[in-house]
């Protein structure tokens, strides 16, 4: 499909005792304002907290969320939100509320 893009985001090495594995997901706000998450993949080695790459197939105007849980400071665990533009770039959104608004304006 011409509107589908393979999104790849590099991740840095990390302390695996403090942080969870990095994650990526498409967020679908169709049924609920909280969003339903469709998980992508992370390619790396959590046992050593290696660098890696997040991978997901996404369509134009899909919302993606990227995150990593911080076990010591849970408030630092909020994901970042992006939308996919017409050429497959991921463009930052300021908040989950902005992600919801963007979804509503492009999927109705």
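The values are calculated or read from the model by the stated rules, or taken from the named source; none is laboratory data. This one's a predicted model, so the numbers in the text were calculated from it and none came from an experiment. Quick reminder, even Gly has a Cβ in these numbers, built from the backbone with ideal geometry, and neighbours come from all protein chains shown.
Is it the case that region 85-93 has a residue that's over 13 Å from the mean Cα position of the chain (by Cα), outside any loop (DSSP other than H, G, I, E, B) and modelled with pLDDT under 95?
The answer is no; no qualifying residue exists.
Could you check region 12-40 and list, in sequence order, the residues that are within 17 Å of residue 57 (Cβ to Cβ) and either surrounded by 13 or more Cβ atoms within 10 Å (Cβ to Cβ) or at pLDDT below 95 (or both)?
Within region 12-40, 23, 24, 25, 26, 27, 28, 37, 38, 40 qualify.
Here are 103, 83: which of them is surrounded by 14 or more Cβ atoms within 10 Å (Cβ to Cβ) and either in contact with a helix residue (DSSP H, G or I) (Cβ under 8 Å, 6 or more places away or on another chain) or at positive phi (or both)?
The match here is 83.
When region 55-67 is examined, which residues are found to be surrounded by fewer than 19 Cβ atoms within 10 Å (Cβ to Cβ) and assigned to a loop (DSSP other than H, G, I, E, B)?
Once the filter is applied, which keeps residues that are surrounded by fewer than 19 Cβ atoms within 10 Å (Cβ to Cβ) and assigned to a loop (DSSP other than H, G, I, E, B), region 55-67 yields 60, 61.
Look at residue 108 and say whether it is on the phi > 0 side of the Ramachandran plot and either surrounded by 14 or more Cβ atoms within 10 Å (Cβ to Cβ) or outside any strand (DSSP E or B) (or both).
no
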